[in-house]
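Colleague: My questions all concern the structure below.
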Amino acid sequence: MNNLQEKIIKKAKSMGVTKIGFANLSGYLPDEFSHLQTGISIAIRLSDQIMNDVVDIPTHTYYHHYRTVNFLIDQITLSITMMLQEEGYLAMAVPASQTVKSENERLKGIFPHKTAATQGGIGWIGKNACLVTEEFGPRVRLGTVLTNMIAEYDAPVTESKCGTCNICMKLCPSLAIKGVNWNIKLKREDIYDAHACSTHMSQYYKEIGRGSVCGICLSRCPRGTKVIKK
């Protein structure tokens, strides 16, 4: 591991990062970013207390927490980007929570954080289409930096560990979750209906974050609840 990579890890951890991985994204990037073959994926652990309180509907506190963690992620990825630039590398931070409308898709960002996270060994994609970690389940938010720095890469995660569990599918109020175990060959729409999820939030949770959050599948996942100490 090179000295800059070690500095990035130390800086990220000092700013609150829970997990960090370095991914070889060759073959996964759109043409305009193909020269930025390294993905630095960070995960911030969410508050268990706040997630525990999300039972049947999202809470105002969860919405505030969601936004606050996204802001923190953007500060961390900006800091990493500046570190890389100071060393002469190209780098760009992918916004923590941003959708870019295109002709064919209006519910995706410029590059999926979950691709960098799975390729960087942080976790797998659950049946709810969220990143799931061994330690904290899906109770994390993700950030990504793309760079042309060559790193010592982490081993990718290529298959789901959700097994036969379908709790998120059964509890999803929008019926967006299809109950399919993820692998790297599947597309998001194979396991999850993003439009159904977004439509339900807009229709039923307008008074909570203008219908932009839910969180039920995150809060009820046994991979996350198992870490709770009573």
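Colleague: With 187, 206, 161, 127 as the choices, which residue is over 30 Å from residue 88 (Cα atoms), modelled with pLDDT of 95 or more, surrounded by fewer than 22 Cβ atoms within 10 Å (Cβ to Cβ) and among the charged types (D, E, K, R)? Reasoning before the result, please.
Modeller: Working: 187 fails: modelled with pLDDT of 95 or more; 206 fails: modelled with pLDDT of 95 or more; 127 fails: surrounded by fewer than 22 Cβ atoms within 10 Å (Cβ to Cβ).
The conditions single out 161.
Colleague: Quick one: would you say residue 81 is within 16 Å of the chain's Cα centre (by Cα), in a helix (DSSP H, G or I), modelled with pLDDT of 95 or more and not aliphatic (A, V, I, L, M)? So that I can check it myself, show each step before the final result.
Modeller: Working: within 16 Å of the chain's Cα centre (by Cα): no; in a helix (DSSP H, G or I): yes; modelled with pLDDT of 95 or more: yes; not aliphatic (A, V, I, L, M): yes.
No; evaluated as a whole, the condition is false for this residue.
Colleague: Which ones in the range 2-19 are basic (Lys, Arg) and outside any helix (DSSP H, G or I)?
Modeller: Within the range 2-19, the subset basic (Lys, Arg) is 7, 10-11, 13, 19.
Hit for the range 2-19 is 19, nothing else.
Colleague: From (1) over 26 Å from residue 33 (Cβ atoms); (2) without any contact (Cβ under 8 Å) to a residue 60 or more places away in the chain; (3) of a type in the set (Val, Ile, Thr), pick out the condition that doesn't hold for residue 216.
Modeller: (2)
Colleague: It is to be established whether one or more residues within the range 69-78 are crowded, with 17+ Cβ neighbours inside 10 Å, closer than 15 Å to residue 144 by Cα and at pLDDT below 95.
Modeller: Checked against the condition, which is being crowded, with 17+ Cβ neighbours inside 10 Å, closer than 15 Å to residue 144 by Cα and at pLDDT below 95, the range 69-78 yields no hits at all.
Colleague: Going through the range 177-214 one residue at a time, which ones are part of a helix (DSSP H, G or I), within 21 Å of residue 55 (Cβ to Cβ) and among the acidic types (Asp, Glu)?
Modeller: Correct list: empty.
Colleague: For the range 164-181: of the residues being over 14 Å from residue 192 (Cβ atoms) and of a type in the set (Val, Ile, Thr), which is surrounded by the most Cβ atoms within 10 Å (Cβ to Cβ)?
Modeller: Ranking the candidates gives 167 first.
Colleague: Right, another one. Please specify each residue of the range 13-38 satisfying the condition of being more than 16 Å from the chain's Cα centre (by Cα), of a type in the set (A, V, I, L, M, F, W, C) and over 16 Å from residue 112 (Cβ atoms).
Modeller: Once the filter is applied, which keeps residues that are more than 16 Å from the chain's Cα centre (by Cα), of a type in the set (A, V, I, L, M, F, W, C) and over 16 Å from residue 112 (Cβ atoms), the range 13-38 yields only 15.
The values are calculated or read from the model by the stated rules, or taken from the named source; none is laboratory data. Not measured: the values here are computed from a predicted model. We place every Cβ from the backbone using ideal geometry, glycine too, and count neighbours over all the protein chains shown.
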